[in-house]
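S.K.: Here's a structure for you.
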Amino acid sequence: MQQLQHNVHGVAADAFVCRRRPELLLFTVTVMLVALLTACDPIADPTLTPMTVSPVTEMPEVTPLLPSSLRNLYWGDLHIHTALSSDAFAMGVRALPSDVYRFSRGLTIDHGAGYPLTIRRPLDFAAVTDHAEYMGQARLADLDIPTTRQPLADLLAEGSRLAVTRAWVETMALMHENGFQLTLGGVDTAINAAAWRTTVEAANTFNDPGKFTAFIGWEWSADGGDVTTHLHRNVIYGSGAVPGRPFSAIDGPDATDLWRFLRGERAQGRSVIAIPHNANLSQGLMYRTEDSEGRLLVEAVPQDRSDLEPISEILQVKGASETHPLLSSLDEFAGFEIASAVPGQKGTLETVKGSYARDALRRGISLAHSEGFNPFVFGVIGASDSHNASSVTDEDNYTGKLPMMDGSAGLRTGEAGLGLAYMTPAPSWGSGGLAGVWAEENTREALFSALQRRETFATSGPRISLRMFGGWQLEPALAVAADGVAKSDAAGVPMGSALPLQSGSGAPQFVVFAAQDPLGAHLDRIQIIKGWVDEEGVTHEKVIDVAWSGKRSIDLATGRLDPVGSTVNTGASTYENTIGSPSLAAWWQDDDFDPDRPAFYYPRVLEIPTPRWSTYDARDLGVEPMVPVAIQERAIGSAIWFEP
């Protein structure tokens, strides 16, 4: 060994090094030349020229579901932006509110990156929620920015990696330094009001009771002093009665200002709610209840908060806000789509507490126990937060949130530029979500009522059907009965409700029904997440597997259900429905129930593993896929509460 350290094939070590230096120099120069040559060429990105299909120019016919006292399931997206939002315009979007509703109803529109977009299945309802801050101003301001100097489609198709990187960095720096103001001089209320009229008129034009509901709304986009800290809410109206212009974070930068505005709107007879979203990026502020010294922040938890904000958006492109591994260390599925606003940024216990829905539900029952009221009685929905006037949430047809940021496979993975993979947060983002709403009929009034009473659930994109009922006299046979839903509804309460108080009652029972997306993957399992307060006022949580596919069993050593397995073929980006089940149902009784302590229960349904959007992108680009290559898409239901 010592001989080899000083002599390689009989050549002195120092001679070996000297002879290799020119080769090393040649290698280095070659690498630099390749990098320079590569920087001068665009990448071959097939996602910019998807398979040619005829655009849909005539609205598909819709057969309305008959009104039902048992409620029908309707699918929608209450979080879509257009060119009236400053950030969307700066990133290359030119579509307007009418395009959102055309797309949602099945018509083809253009993506900001130039290619056609057609939804796989039309939605039942949608809302345009452009940022209220500087609404409509960017598109009229003759801004000198990359996407006004050259159409984004041309830049991506013809521009070099260096040109794409330069435009990307300039755009991101502009947004980070100036937020929604960009380079605008100030607020122009006349332009804001005109943009708002465009939004309202589009919704009223496309609203078609029974067939499609177009809600009127906007996004109030406050932050915690940094554009990467999100305290945003979507404001949604239940009818056509709306104000003359939207209330923005410039009008009132605190949640208390927004709540005061909402109360004023209701005093005028207008039906309106706010929907918090991206709590996961709020740095612990969205559901904060105490100050740094542990004192209750009374202004942050008014007793009517649950009425003003009856639902929260917990699944969307910028990640999941259900829970976090630091908060739910015993939940093996807590790490789903944990996103960041800054590449490589990791959450800490300080920043994740107050940033996730399950933690907020626990805070709520803790306050119910200690203070006598619960400000966090809220249901859940999913949405896209698309800034492309669209709502494409399919993993195998993902088109990104912001065109300049992630509107192509090359941009999402960083392959389209130089070093973009280390700068963009897009790899940590998901493909968006959807809202499932159980309502009597497809009208503004019926759907808004369902949102207000929280009979809703969130999915990470697939149209998984989910329903849960709770009560004191629900029999196990209901889970398999042909009329199980009707009898459960009659004997119990649906998701979003409180269990009725019953003197001398025993343990509560729950019945859950779930069915796969007809175009999607089989189901792995149904879980019920329970949160409760003990006799010392401390909150706890537990994840219970209540139904699963196949002949698996609970591991007695770990208490966990055996994994369902995986059929994912990473290279081909495919999977097979040879495992899992098309539908699942469960009956469960809480034998550890304490009638003297508050508690909540909500359902979660998991699919079998399927390829993540990044795996499809890697296949299209001919590169190695990022981790994770597969995910388990899910549906998460609103809770049922017990309050003594």
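S.K.: Based on what the data block shows, is Val564 at pLDDT 95 or above, hydrophobic (A, V, I, L, M, F, W, C) and over 20 Å from the mean Cα position of the chain (by Cα)? I'd like the intermediate steps shown before the answer.
M.R.: Working: at pLDDT 95 or above: yes; hydrophobic (A, V, I, L, M, F, W, C): yes; over 20 Å from the mean Cα position of the chain (by Cα): yes.
In short, yes.
S.K.: Still on this structure: Could you pull out every one of the helices (runs of 4 or more DSSP H) wholly within segment 377-496 that has 1 or more residues that are open to solvent by less than 10 Å² (accessible area, probe 1.4 Å) and more than 27 Å from Arg120 (Cα to Cα)? Before the answer, list the steps.
M.R.: Values: elements: 403-406, 409-413, 444-453, 484-491.
Once the helices (runs of 4 or more DSSP H) in segment 377-496 are filtered for at least 1 residues that are open to solvent by less than 10 Å² (accessible area, probe 1.4 Å) and more than 27 Å from Arg120 (Cα to Cα), what remains is 484-491.
S.K.: Output the residues belonging to segment 315-335 that are part of a loop (DSSP other than H, G, I, E, B), under 21 Å from Lys542 (Cα atoms) and within 11 Å of the chain's Cα centre (by Cα).
M.R.: Residues of segment 315-335 part of a loop (DSSP other than H, G, I, E, B): 317-318, 321-335.
Those still in the list that are under 21 Å from Lys542 (Cα atoms) too: 321-335.
If the condition is that a residue be part of a loop (DSSP other than H, G, I, E, B), under 21 Å from Lys542 (Cα atoms) and within 11 Å of the chain's Cα centre (by Cα), then Ser321, Glu322 are the ones that fit.
S.K.: Follow-up question, since we're still on this one. So which of Pro595, Pro644, Pro625, Pro603 is closer than 23 Å to Ala458 by Cβ and of a type outside the set (Gly, Ala, Ser)?
M.R.: Numbers: Pro595 fails: closer than 23 Å to Ala458 by Cβ; Pro644 fails: closer than 23 Å to Ala458 by Cβ; Pro625 fails: closer than 23 Å to Ala458 by Cβ.
After applying the criteria, what remains is Pro603.
S.K.: Now, a different point. If you scan segment 288-304, which residues turn out to be out of contact with any strand residue (DSSP E or B) (no Cβ under 8 Å at 6 or more places or on another chain) and open to solvent by 10 Å² or more (accessible area, probe 1.4 Å)? Outline the logic, then answer.
M.R.: Going through segment 288-304, the residues out of contact with any strand residue (DSSP E or B) (no Cβ under 8 Å at 6 or more places or on another chain) turn out to be 288, 291-295, 298-304.
Within segment 288-304, Arg288, Asp291, Ser292, Glu293, Gly294, Arg295, Val298, Glu299, Ala300, Pro302, Gln303, Asp304 meet the criteria.
S.K.: Looking at Ser292, Ser248 in this structure, which one is in contact (Cβ under 8 Å) with a residue 12 or more places away in the chain and closer than 30 Å to Glu337 by Cα? Give the derivation first.
M.R.: Values: Ser292 fails: in contact (Cβ under 8 Å) with a residue 12 or more places away in the chain.
Criteria check complete, one pass: Ser248.
S.K.: Quick check on segment 95-117. Is at least one of its residues touching a residue at least 60 places away in the same chain (Cβ under 8 Å), open to solvent by 40 Å² or more (accessible area, probe 1.4 Å), over 26 Å from Leu73 (Cα atoms) and outside any loop (DSSP other than H, G, I, E, B)? Steps first, answer last, please.
M.R.: Here is the first cut: in segment 95-117, the residues touching a residue at least 60 places away in the same chain (Cβ under 8 Å) are 95-105, 109, 111-117.
Add one more test, that the residue is open to solvent by 40 Å² or more (accessible area, probe 1.4 Å), and what stays is 96, 98, 102, 114, 116.
Filter once more, so that each one left must be over 26 Å from Leu73 (Cα atoms): 96, 114, 116.
Okay, now just the ones that are also outside any loop (DSSP other than H, G, I, E, B), so 116.
Yes - at least one qualifying residue is present in segment 95-117.
S.K.: Condition first: outside any strand (DSSP E or B) and either acidic (Asp, Glu) or on the phi > 0 side of the Ramachandran plot (or both). Can you find one or more residues in segment 598-612 that meet it? Even if it seems obvious, please write down each step before you answer.
M.R.: Keep residues of segment 598-612 that are outside any strand (DSSP E or B), which gives 598, 608-609, 612.
Remaining after also requiring either acidic (Asp, Glu) or on the phi > 0 side of the Ramachandran plot (or both): none.
Checked against the condition, which is being outside any strand (DSSP E or B) and either acidic (Asp, Glu) or on the phi > 0 side of the Ramachandran plot (or both), segment 598-612 yields no hits at all.
S.K.: Another question, if that's okay. Are any of the residues in segment 67-88 within 22 Å of Ala439 (Cβ to Cβ), in a loop (DSSP other than H, G, I, E, B), of a type in the set (A, V, I, L, M, F, W, C) and open to solvent by 10 Å² or more (accessible area, probe 1.4 Å)? Spell out the reasoning first.
M.R.: Restricting attention to segment 67-88, the residues satisfying the condition of being within 22 Å of Ala439 (Cβ to Cβ) are 67-80.
Subsequent filtering for residues that are in a loop (DSSP other than H, G, I, E, B) retains 67-71.
With the extra rule that they be of a type in the set (A, V, I, L, M, F, W, C), the set shrinks to 70.
Subset that is open to solvent by 10 Å² or more (accessible area, probe 1.4 Å): 70.
Yes, segment 67-88 contains at least one residue that is within 22 Å of Ala439 (Cβ to Cβ), in a loop (DSSP other than H, G, I, E, B), of a type in the set (A, V, I, L, M, F, W, C) and open to solvent by 10 Å² or more (accessible area, probe 1.4 Å).
S.K.: Then there's this: Residue check: is Ala255 open to solvent by 10 Å² or more (accessible area, probe 1.4 Å), under 27 Å from the mean Cα position of the chain (by Cα) and among the aliphatic types (A, V, I, L, M)?
M.R.: Values: open to solvent by 10 Å² or more (accessible area, probe 1.4 Å): yes; under 27 Å from the mean Cα position of the chain (by Cα): yes; among the aliphatic types (A, V, I, L, M): yes.
It is true that Ala255 is open to solvent by 10 Å² or more (accessible area, probe 1.4 Å), under 27 Å from the mean Cα position of the chain (by Cα) and among the aliphatic types (A, V, I, L, M).
S.K.: Kindly establish whether Phe247 is open to solvent by less than 50 Å² (accessible area, probe 1.4 Å), under 30 Å from Gly354 (Cβ atoms), among the aromatic types (Phe, Trp, Tyr) and more than 21 Å from the chain's Cα centre (by Cα). Please lay out each step first, then the result.
M.R.: Numbers: open to solvent by less than 50 Å² (accessible area, probe 1.4 Å): yes; under 30 Å from Gly354 (Cβ atoms): yes; among the aromatic types (Phe, Trp, Tyr): yes; more than 21 Å from the chain's Cα centre (by Cα): yes.
Judged against the criteria, Phe247 is a match.
S.K.: Is it the case that segment 546-553 has a residue that's touching a Phe, Trp or Tyr at 6+ places or on another chain (Cβ under 6 Å), of a type in the set (Ser, Thr, Tyr) and farther than 30 Å from Phe373 by Cβ? Give the steps one after another, and end with the answer.
M.R.: First, pick out the residues of segment 546-553 that are touching a Phe, Trp or Tyr at 6+ places or on another chain (Cβ under 6 Å): 546.
In the following step, the residues that additionally are of a type in the set (Ser, Thr, Tyr) were identified as none.
No, the conditions are met nowhere in segment 546-553.
S.K.: Something else: With buried (at least 16 other Cβ atoms within 10 Å of the Cβ) and over 28 Å from the mean Cα position of the chain (by Cα) as the only criterion, which of Ala214, Ala141, Ala202 stands out? Walk me through it before giving the result.
M.R.: Values: Ala214 fails: over 28 Å from the mean Cα position of the chain (by Cα); Ala202 fails: over 28 Å from the mean Cα position of the chain (by Cα).
From the options Ala214, Ala141, Ala202, the qualifying one is Ala141.
S.K.: When you check Arg270 against the structure, is it without any contact (Cβ under 8 Å) to a residue 60 or more places away in the chain and either surrounded by fewer than 22 Cβ atoms within 10 Å (Cβ to Cβ) or in a helix (DSSP H, G or I) (or both), yes or no?
M.R.: Details: without any contact (Cβ under 8 Å) to a residue 60 or more places away in the chain: yes; either surrounded by fewer than 22 Cβ atoms within 10 Å (Cβ to Cβ) or in a helix (DSSP H, G or I) (or both): yes.
In short, yes.
The values are calculated or read from the model by the stated rules, or taken from the named source; none is laboratory data. Given the structure is predicted, the values throughout are model-derived calculations rather than measurements. Ideal geometry is used to build each Cβ from the backbone, glycine not excepted, and the neighbour counts take in all protein chains shown. Remember, those area values only see protein heavy atoms, side chains included, never the ligands or the DNA or RNA. Shrake-Rupley method; radii C 1.70, N 1.55, O 1.52, S 1.80 Å.
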